[in-house]
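Chemist: The structure follows.
Please treat every number below as a calculation from the coordinates, not as lab data. Since the structure is predicted, the reported quantities are computational estimates derived from the model, not experimental observations. All Cβ positions, even for glycine, are placed from backbone atoms using ideal geometry, and neighbour counts span all protein chains on display.
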Amino acid sequence: MEFTGSGNPLATSSSFINTTCPECGAPAHRETDTMDTFVDSSWYFFKYCSPFSEQVPFDKEPVSYWMPVDQYIGGIEHAILHLLYARFFTKALRDIGLSKIDEPFSRLLCQGMVNKEAPYCELCNRFLPPDDYEGSSCSVCGNEYKLKSAKMSKSLGNVIDPRILMDNYGADTSRFFILFGSNPERELEWSNAGIESVYKSLEKSFHLLIEMPGSVKDTIDARDNYINFITHKSIRDATHNFEELKLKDAITHIMILIDELSTYSKTHVNKDIYNEARMTATVLLSPVIPHLCEEVWELTGHDDFIISARWPICDETVVNEMNEFKWNLLSDLSDDIREIIKVARITSPKRIRIYSAAGWKFRLAALFKQEFAKTKDRGQIMKTLMSTDLKRYGKQVNQILGKYLNDPALAPYVDMGLDGEFSFLNEAALILESGFNCAIEFYKEDDSHEKKAAGALPGRPAIIIDL
């Protein structure tokens, strides 16, 4: 028998092939195709741990050290048979004493398929390979076919030549489109228009990352603090998603940083904060689009390769519960203003007035949160509330309690207090003013006779837009 590394070794052994029929005694040939490929693919990871052992399939010591596989990635079409056989072989090898490993993989990811439109004949009820259609018609029945999504395959002719993509758009564009299109375990729908859109987006990102805005400063205001927060939040969230192989989610967080950086670059930026943000975005993107990021890294004055750059670390003093609450409050407030402008069809507001809730409402929210953790009984919570100085606001307390019980998320998870909320909103006024291009004024419900101010809640200020 000859082991050449190709072909079937059994087919080279005449002593194996040539035999006699056990029934009639006549000359016969043995079947040489006796070993399914699954037999090898079901235990190769053991062999990888001990590649040079020649007398035994593998040595126990390195297998005990390296196995099980930390992260196994395979195609969704192999999710049943291959994994079934892999687990069977692992347990069989354990049972006969060749290893002590019980399961082959610690973590498993089954990748989804890449789909693309292909001709589909509804009359024939099948997808049409290239030889079975001409023009816009099925060559079998003559019916006009439709385009329908199917997994990429040579038989359907709906594959994409990666060399063409690289020639036209570069390898990074294809990488970004695939990784940003869906998380690995989900299906991905291929789109030529999507590739073009990604290419243009990456061009803009490239110029944003290599260029320093013309207007810089050394001082720090709310806008600078916001970018610093988004930078470190992106580090935290993208890093977590990369570790969990949620690649689309990781890229989403990075692109949020890129979008915010683009807006920030048009203002009077803090030089250090801007530099940290754009270099952070570059390093975070480097696993996704390494070639573009390497160019950015060099053009921004780095002598080493970006692959050797230190992965950024989230500053937990910047991304803490209070800061997350504050910036989410501002984001929700901006969304609410936009919704009012949209619904009321306001083209150019002259002034926006923001009213923070009365101080007693903040005390109510904090006490509700405390009591809600103990009981969900409305009567019991109301009894506790009425045993405090909130009793004087009894009717309003009952109404707000009903809202909180119907949707507990309305009660802020962080107690900023009236002064904390009011102070933060005033500091962030320039962000709102630049976003809505009008004057922004802040008031306290306690100091106002405006009836609509009564609708304010902690973390949810009342909004009035003047035309």
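Chemist: Quick check on the chain: take the gyration tensor over C-alpha atoms, sort the square-rooted eigenvalues as a ≥ b ≥ c, and tell me if it's rounded (a/c under 1.5), prolate or oblate.
Modeler: Prolate shape, in that a/c is at least 1.5 and a/b is the bigger ratio.
Chemist: Computed over the Cα atoms, what is the radius of gyration of region 112-159 divided by 2.2 N^0.38 Å, N being its residue count?
Modeler: 1.07
Chemist: Hey, another quick one. Would you kindly derive the ³J(HN,Hα) couplings of region 193-210 from the backbone phi angles with the Karplus curve 6.51 cos²θ - 1.76 cosθ + 1.60 (θ = phi - 60°), listing them in order in whole Hz, with x for Gly and Pro?
Modeler: So the Karplus estimates, Gly and Pro as x, are 5, x, 4, 4, 5, 4, 4, 5, 5, 5, 4, 5, 5, 4, 5, 4, 6, 9 Hz.
Chemist: Okay, moving on. Here are some pairs, Lys326/Lys395; Lys342/Lys403; Lys233/Lys326; which of them have Cα atoms lying more than 20 Å apart in this structure?
Modeler: Listed pairs above 20 Å: Lys326/Lys395; Lys342/Lys403.
Chemist: Run the quick spin-label model on Phe3 and Thr32: label points 7 Å from Cα toward the beta carbon, then report their separation in nm to one decimal.
Modeler: For Phe3 paired with Thr32, the spin-label model returns 1.8 nm.
Chemist: Over region 192-308, with a single point scatterer placed on each C-alpha, what log10 of the ratio I(q)/I(0) does the Debye formula yield at q = 0.15 1/Å?
Modeler: -0.66
Chemist: Taking a cut-off of 16 Å between Cα atoms, list the lysines near Lys91, but don't count ones fewer than 8 places away on the same chain.
Modeler: Lys47, Lys60, Lys100
Chemist: Separation of region 94-124 and region 242-297 by C-alpha centroid, Å?
Modeler: 33 Å
Chemist: So who's got an amide H within less than 5 Å of the one on Asn158, skipping anything under 5 residues away but keeping other chains? H placed 1.01 Å off N, in plane.
Modeler: Counting only residues 5 or more places away or on other chains, the set is Ser153.
Chemist: How do the peptides 110-119, 273-282 rank, highest first, by the average count of neighbouring beta carbon atoms within 10 Å per residue?
Modeler: Ranking the peptides 110-119, 273-282 by packing returns 273-282, 110-119.
Chemist: Further question: Could you tell me what percent of the DSSP beta bridges with both partners in the chain are antiparallel, to the nearest 5?
Modeler: DSSP beta bridges in the chain are roughly 55 percent antiparallel.
Chemist: Using θ = phi - 60° and the Karplus form 6.51 cos²θ - 1.76 cosθ + 1.60, what ³J(HN,Hα) does each residue of region 159-175 get, whole Hz, x for Gly and Pro?
Modeler: The phi angles translate into 8, 10, 7, x, 5, 5, 4, 5, 5, 8, 10, x, 5, 5, 4, 5, 4 Hz.
Chemist: How would you order 318-324, 3-9, 297-303 from highest to lowest mean count of nearby Cβ atoms within 10 Å?
Modeler: Highest-to-lowest ranking by the protection proxy: 318-324, 297-303, 3-9.
Chemist: Would you please classify the overall shape of region 414-466 from the alpha carbon gyration tensor, given that a ≥ b ≥ c denote the square roots of the eigenvalues, rounded means a/c under 1.5, and beyond that prolate means a/b larger than b/c while oblate covers the rest?
Modeler: The shape class here is oblate.
Chemist: What net charge is computed for the residues neighbouring Ser139, neighbours being all others with C-beta under 13 Å from the C-beta of Ser139, Lys and Arg scored +1, Asp and Glu -1?
Modeler: -3
Chemist: Give me the percent of Cα-Cα pairs in region 37-111 that sit more than 22 Å apart, rounded to a whole number.
Modeler: Cα-Cα pairs of region 37-111 separated by over 22 Å account for 17 percent.
Chemist: While we're looking at this one, here's another question. With each pseudo-label sitting 7 Å past Cα toward Cβ, what's the Arg310-Asn275 distance in nm, one decimal?
Modeler: Output for this residue pair reads 1.5 nm.
Chemist: Can you check what the net charge comes to around Leu108, using other residues whose Cβ is under 14 Å from the Cβ of Leu108 (Lys, Arg +1; Asp, Glu -1)?
Modeler: Residues near Leu108 contribute -2 overall.
Chemist: To the nearest 500 deg cm²/dmol, what mean residue ellipticity at 222 nm is calculated for the chain from DSSP H runs of n ≥ 4 alone, each contributing -39,500 (n - 2.57), summed and divided by the residues?
Modeler: -14500 deg cm²/dmol
Chemist: Another question, then. Once amide H atoms are built 1.01 Å from N in the peptide plane, which residues 5 or more positions from Val114, or in another chain, come under 5 Å H to H?
Modeler: Distant-sequence amide H within range of Val114: Met152, Leu188.
Chemist: For region 134-142, what does the Karplus curve 6.51 cos²θ - 1.76 cosθ + 1.60, with θ = phi - 60°, yield as ³J(HN,Hα) per residue in whole Hz, taken in order and with x for Gly and Pro?
Modeler: Karplus-based 3J(HN,Hα) across region 134-142 equals 9, x, 10, 10, 6, 6, 8, 10, x Hz.
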